[in-house]
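K.L.:
What follows is a single structure, and I will ask about it in a moment.
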Amino acid sequence: MSMVLYNRVAIVTGAGKGIGAVLAKVLYNEGAKVSLWDIDVGLAKKVAQSLDPLGNHVLPLEVDVTHEPSVQEAVKKVVEKFQRIDILVNNAGISIHKPIEEMTVEIFDKVIAVNLKGTFICCKAVTPTMKKQSYGKIINISSLGARTGRPGVGVNYAASKAGVIGITQTLARELGPNGIYVNAVCPGPILTDQTMQYPREVFASWNVGRAIQKDGYPEDVADAVVFLASDRSDWITGVSLDVNGGILIR
Ligand code: NAD
């Protein structure tokens, strides 16, 4: 069995739980060395320990993606331990949904800070290393919520994730000549510990119109990320790949 990411060095932000924890696991199982970043480092350490108890091929770090010095420090530690950075998955994200009348500027800014500014800061921080290598694969986790109005999605979240697509397209052009690929994945509703807490009919309401009957799991997102992180996608950059079972077909 060949591992498509053998010996690649990957960073996954928000790797402490949910989709990010599964992304870290699947990248690791494909042969990558993985640095697991999370604002809750206890969670990241637990996931890292479950993958590689000796810690040779994992590096959990406490990182707040909204804080540039914290991100720069973490990049330094990854390069110190693993010598390079091949893959960055910008997965850390939050959602605080409110109707527009209750959407305070503070709540708006909070979601933009993590989802949009955090993605910018992490992309910026790995760029010098990836430029030196003339190689890099950046994958930004956007959302179906950025592509079309969806029930249960706040304007803050939609704006942040649409902004992530803007960063993806612009950076793909800017860094393409340096051998750096920048793509986005737009998951539809994914069953994680968090979304499983909603009543099934609420989750089902987010899936109305879906072509494929199967619900979405973190592994479905991970498969798309592995493809975009591997050399199997070497003529693909600047795309936003919909991973939603055919909720959005146009
Ligand atoms: P989650 O809440 O289960 O996990 C997010 C992780 O990010 C947590 O471990 C959290 O501690 C971490 N995090 C939060 N703020 C951070 C910060 N400032 N710095 C570093 N880490 C931080 O979320 P999830 O459902 O697994 O979602 C992961 C990504 O996928 C998010 O970007 C989300 O918007 C996107 N997404 C999720 C779904 C879904 O249905 N779950 C659908 C589409 C897109």
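The values are calculated or read from the model by the stated rules, or taken from the named source; none is laboratory data. No experiment lies behind these values; they were computed from the predicted model shown. Note that we place each Cβ from the backbone using ideal geometry, even for glycine, and neighbour counts take in every protein chain shown. Ligands, DNA and RNA are stripped out before the accessible areas are found, and what is left, the full protein with its side chains, is counted by its heavy atoms. Shrake-Rupley method; radii C 1.70, N 1.55, O 1.52, S 1.80 Å.
K.L.:
Less than 16 Å from a label point 7 Å out along the Cα-to-Cβ axis of ILE249: which backbone N atoms in segment 212-235 qualify, by residue?
P.N.:
Under cut-off, by backbone N: 212-215.
K.L.:
Please state the charge dipole magnitude for the chain, taken about the Cα centre, from unit charges on C-beta atoms (+1 on K and R, -1 on D and E), reported in debye and rounded to the nearest 20. If you can, show how the numbers build up before the last one.
P.N.:
Working: 26 positive and 24 negative charges, 93 e Å.
I would put it at about 440 debye.
K.L.:
For segment 1-118, give the percent of accessible area contributed by carbon and sulfur heavy atoms, probe 1.4 Å, rounded to a whole number. Don't skip to the end; give the middle numbers.
P.N.:
Working: 3200 of 5870 Å².
Its accessible area is 55 percent carbon and sulfur atoms.
K.L.:
Helix 118-133 against the longest principal axis of the chain: what's the angle in degrees, Cα atoms only, rounded to the nearest 10?
P.N.:
Here the helix axis deviates by roughly 30 degrees.
K.L.:
Let me ask something else about it. Say the cut-off is 31 Å between C-alpha atoms; which of LYS81/LYS117; LYS110/LYS214; LYS131/LYS214; LYS33/LYS132 go over it? Please report the intermediate quantities before stating the final value.
P.N.:
Working: LYS81/LYS117 26 Å; LYS110/LYS214 33 Å; LYS131/LYS214 40 Å; LYS33/LYS132 19 Å.
Where the Cα-Cα span goes over 31 Å, the pairs concerned are LYS110/LYS214; LYS131/LYS214.
K.L.:
Once phi is turned into θ = phi - 60°, what whole-Hz ³J(HN,Hα) does the Karplus curve with 6.51, -1.76 and 1.60 give for every residue of segment 229-235, x standing for Gly and Pro?
P.N.:
Computed from phi, the couplings for segment 229-235 are 8, 9, 6, 6, 10, 6, 10 Hz.
K.L.:
Give the angle, between 0 and 90 degrees and rounded to the nearest 10, that separates the Cα long axis of helix 68-82 from the longest principal axis of the Cα atoms of the chain.
P.N.:
50 degrees
K.L.:
If you line up the long axis of helix 18-29 against the longest principal axis of the chain, both from Cα atoms, how many degrees apart are they, to the nearest 10?
P.N.:
It works out to around 30 degrees.
K.L.:
A further question on this structure: Most mobile of TRP206, TRP235, TRP37 per a Gaussian network model of the chain (Cα springs, under 10 Å)?
P.N.:
TRP235
K.L.:
Further, regarding this structure: Considering only protein heavy atoms, what per residue accessible area in square angstrom results for segment 91-187 with a 1.4 angstrom probe?
P.N.:
Working: 4200 Å² over 97 residues.
Heavy-atom SASA per residue in segment 91-187 reads 43 Å².
K.L.:
Answer rounded, prolate or oblate for segment 16-106, using the Cα gyration tensor with square roots of eigenvalues a ≥ b ≥ c: rounded when a/c is under 1.5, else prolate when a/b is larger than b/c, else oblate. Write out the running numbers ahead of the final one.
P.N.:
Details: a/c = 2.47, a/b = 1.77, b/c = 1.40.
Taking the square roots of the gyration eigenvalues as a ≥ b ≥ c, segment 16-106 is prolate.
K.L.:
Which residue, chosen from CYS186, ILE87, ALA125, occupies the Cα position most advanced towards the positive end of the dipole of segment 46-195, where the dipole is computed from +1 (Lys, Arg) and -1 (Asp, Glu) charges on Cβ about the Cα centre?
P.N.:
It is ILE87, whose Cα lies furthest towards the positive end.
K.L.:
Here is a follow-up. Determine the share of segment 173-250's accessible area contributed by carbon and sulfur atoms, expressed in whole percent, with a 1.4 angstrom probe. Could you put the intermediate results ahead of the total?
P.N.:
Values: 2420 of 4360 Å².
Carbon plus sulfur share of accessible area: 56 percent.
K.L.:
Probe of 1.4 angstrom, ligands and nucleic acids ignored: what's the accessible area per residue over segment 195-235, in square angstrom? Present the calculation step by step, with values, prior to reporting the outcome.
P.N.:
Numbers: 2640 Å² over 41 residues.
Accessible area per residue: 64 Å².
K.L.:
Using only alpha carbon pairs under 8 Å that are at least six residues apart, calculate the relative contact order of segment 167-235 and give it in whole percent. Spell out each step's value before the answer.
P.N.:
Values: 35 pairs, mean separation 20.7, N = 69.
Taking the mean separation of contacting Cα pairs over the length of segment 167-235, I get 30 percent.
K.L.:
Sticking with this structure for a sec: Explain nothing, just compute: Karplus ³J(HN,Hα) = 6.51 cos²θ - 1.76 cosθ + 1.60, θ = phi - 60°, for every residue of segment 189-201 in order, whole Hz, x for Gly and Pro.
P.N.:
x, 10, 6, 10, 3, 5, 6, 5, 6, 6, x, 3, 6
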